[in-house]
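Shown next, in structure tokens, is the structure this report addresses.
The values are calculated or read from the model by the stated rules, or taken from the named source; none is laboratory data. Bear in mind that the values here come from a model prediction, so they are computed numbers and not experimental data. Here the Cβ positions follow ideal geometry from the backbone for every residue, glycine too, while neighbour counts run over all protein chains shown. We work out accessible area using only protein heavy atoms, side chains counted, and drop any ligands, DNA or RNA first. Shrake-Rupley method; radii C 1.70, N 1.55, O 1.52, S 1.80 Å.
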Amino acid sequence: MTHVPIGIDLGTTNSLVAAFIDGASRLIPNALGEYLTPSVVSIENKEVMVGQAARDRLLTHPKNTAAVFKRKMGTDAGLRLGKDIYSPEDLSSLVLAKLRQDAEVYLGCEIRDVVVSVPAYFNQTQRRATQKACALAGLNLLRLVNEPTAAALAYGVHQRDAETQFLIVDLGGGTFDVTILEMFDGVMEVKASSGDAFLGGEDFTEILTKLICDKLDFPWAKLGANLQSEIRARANTAKIKLSDDDVWTVSLQIKDEMHEIVLTRDAFEEAAKPILRRMLVPIERCMYDTGLDHHALDRILLVGGATRMPMVRHMVTRCFSKFPEFEIDPDHAVALGAAVQAALIAEDRALEDIVVTDVSPFSVGIETSRDLPNGKHVTGLFAPIIERNTPLPASRCHKFSAIRARQRAVEIGVFQGEAAYVADNVSLGQYVVRLPRHSDQIEAFEVQLTYDTSGLLEVETTVDSNGAKSNLVIEALAEGYSRQELELRLDKMKGLKVHPRENEINQALIARLKRVYEMTLGHNRAEIGDMIVRFDVALDGRDPREIERVRGELEDFLDEFDDLYVS
């Protein structure tokens with residue numbers, strides 16, 4: 001077989017690999033003939049085991065085995081296996097290498113190019129860590145694709161002619177994502193995305209682990225590593241069994257004494273209520289960001305193995321008054337979609353009619369400061385410029401000012417996140433803007449952020465008094481693009497910086513408003529004047545959706561005005 005790019009779902013609990021072959025996305029089995037490869041690594045005496053063999057050693061060799069390390073991606077955490085310490089990226093690269101090896105055996109060719117899925121709510125640091133893991137595995141990362149978007153691609157390939165708005169609930173082993181998408185005329189548009197990078201099926205397992213320990217009345221810290229691993233394994237089995245049965249009994253032998261622990265679905269669901277409440281937060285945020293009513297959604301799709309739990313399905317059904325769908329195996333959808341994304345990048349002819357748009361998963365802005373009424377000056381505040389779930393590509397700008405007159409320079413710190421203080425967000429970069437030396441006024445300047453679908457981010461500052469420009473190009477969010485591709489995208493981004501005032505449609509409305517203003521008197525003139533100001537504010541905000549909305553309302557008003565006074 002000729003060269004084939006692959007798609008990988010690098011999961012917290014299990015990972016999968018798929019390829020787009022003969023016009024369809026297909027899962028690739030591992031050496032055991034299974035599609036799911038446990039994301040577990042065991043290392044002893046330099047011998048590396050990955051997958052089911054490593055999972056089996058969680059019970060027998062817990063000090064040499066690591067699992068759930070995806071949750072630590074992008075942190076400085078080190079995981080000790082025997083005498084050595086490994087980073088989450090090191091361990092993830094071993095899983096990726098195993099999946100690559102399985103794909104090469106199955107496809108009969110060398111594999112280099114890959115698309116890897118990540119939670120939509122992964123920040124820049126976590127995405128960069130995933131990119132590093134791919135490099136360590138010897139893979140050429142074509143793109144990181146958000147897991148819900150990948151799942152939507154798996155569904156969208158079969159629904160390309162449909163016009164529908166749907167929501168994807170993606171609850172994996174360690175992460176939770178919610179995404180609202182719209183499908184029309186072969187275009188799949190992401191409307192909003194939210195999530196929790198530290199919530200998943202493993203949290204439900206921990207609930208059952210605690211229930212077992214409570215019934216045993218043994219302190220967790222005194223159980224020992226081997227027994228702790230065994231209890232976790234039994235809790236995970238109970239989680240699966242309680243999806244089908246109302247009662248499940250766990251048998252454990254501790255110090256030659258057999259213990260029978262009876263677990264019920266009712267007790268499990270009662271203990272898991274705080275987790276279900278946490279799941280509602282990203283759902284509500286997505287609905288708020290899109291302004292949609294629950295009834296506006298045509299379909300609710302479930303993705304991720306943890307969505308098999310009845311309590312999750314019941315919660316989603318209650319939330320939307322609609323039964324969710326899972327026509328594709330929830331464990332398989334992300335990998336299948338990642339393979340579709342790989343084929344799209346490779347320009348597979350079977351997918352030429354599919355276009356995918358995305359949004360900014362986090363707000364992006366700069367660090368600011370503020371004077372309070374009590375005279376105190378507060379620094380380290382976050383000022384969003386491109387807000388979360390803004391359709392990409394996008395360009396937005398805000399006006400700021402220096403703190404005092406004759407200030408020589410300002411330092412522009414760029415951050416990603418939703419917190420009020422930059423210390424709680426992720427730093428993307430910084431640069432210094434020089435201000436005129438002899439100005440006795442407090443200088444004002446405009447900061448414009450331009451964000452591409454690749455993740456390429458350009459920050460440009462324009463000083464009001466002299467028009468001097470400074471800029472910073474941040475490439476950290478752009479994964480898998482060559483220098484030539486980035487240069488081409490930077491060139492295209494120049495078009496995004498054209499002010500909406502220069503748009504012919506907007507110019508026509510401005511001219512119409514001015515003409516009507518000059519014609520009218522009294523109350524009518526004041527009303528038209530307010531409209532001119534309102535449209536100016538919308539144009540300066542540079543949000544295409546807001547400009548279109550305001551323009552539509554003003555045009556409707558002017559049409560009615562013409563019918564009354566002109567015709």
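Observations
- Residue in region 393-403 that is on the phi > 0 side of the Ramachandran plot and not in a strand (DSSP E or B) present: no
Conditions (1) closer than 29 Å to HIS3 by Cβ; (2) open to solvent by less than 10 Å² (accessible area, probe 1.4 Å), marked per residue:
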residue	(1), (2)
GLU104	yes, no
VAL116	yes, yes
TYR121	no, no
ARG127	yes, no
ALA133	yes, yes
ASN146	yes, no
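- Taking region 209-248 as the range and being more than 20 Å from PRO310 (Cβ to Cβ) and of a type in the set (Asp, Glu) as the test, the residues that pass are ASP214, ASP217, GLU230.
- Complete set of residues in region 416-431 that are of a type outside the set (Val, Ile, Thr) and buried (at least 18 other Cβ atoms within 10 Å of the Cβ): GLN416, GLY417, ASN425, LEU428
- The condition (being basic (Lys, Arg), closer than 26 Å to PRO393 by Cβ, open to solvent by 60 Å² or more (accessible area, probe 1.4 Å) and modelled with pLDDT of 85 or more) is satisfied by just one residue among ARG545, ARG549, ARG501, ARG483: ARG549.
- Note on region 212-229: residues that are of a type outside the set (Lys, Arg), in a helix (DSSP H, G or I) and under 14 Å from ILE261 (Cα atoms) total 4.
- Checked against (1) at pLDDT below 90; (2) in a helix (DSSP H, G or I); (3) within 25 Å of SER25 (Cβ to Cβ), PRO361 meets all criteria but (2).
- Under the condition of being closer than 16 Å to VAL426 by Cβ and either open to solvent by 70 Å² or more (accessible area, probe 1.4 Å) or free of Cβ contacts under 8 Å to residues at least 12 places away in the same chain (or both), the residues counted in region 362-385 number 1.
- Residue within region 94-106 that is aromatic (Phe, Trp, Tyr), part of a loop (DSSP other than H, G, I, E, B) and in contact (Cβ under 8 Å) with a residue 60 or more places away in the chain present: no
- Test: SER243 is of a type in the set (Gly, Ala, Ser), under 33 Å from the mean Cα position of the chain (by Cα) and either loosely packed, with under 15 Cβ neighbours inside 10 Å or outside any helix (DSSP H, G or I) (or both): yes
- Within region 39-90, the set of residues being surrounded by 20 or more Cβ atoms within 10 Å (Cβ to Cβ), without any contact (Cβ under 8 Å) to a residue 24 or more places away in the chain and within 30 Å of SER427 (Cα to Cα) comprises LYS72, SER87.
- Test for GLY200: is it open to solvent by less than 20 Å² (accessible area, probe 1.4 Å) and under 24 Å from SER363 (Cα atoms): yes
- Which numbered condition LEU302 fails, given (1) farther than 18 Å from GLU147 by Cα; (2) not in a helix (DSSP H, G or I): (1)
For (1) assigned to a strand (DSSP E or B); (2) touching a His at 6+ places or on another chain (Cβ under 8 Å); (3) hydroxyl-bearing (Ser, Thr, Tyr), each residue gets a yes or a no:
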| site | (1), (2), (3) |
| --- | --- |
| HIS3 | no, no, no |
| LEU16 | yes, yes, no |
| ARG26 | yes, no, no |
| VAL48 | yes, no, no |
| ALA53 | no, no, no |
| LYS63 | no, no, no |
| ALA66 | yes, no, no |
| GLY74 | no, no, no |
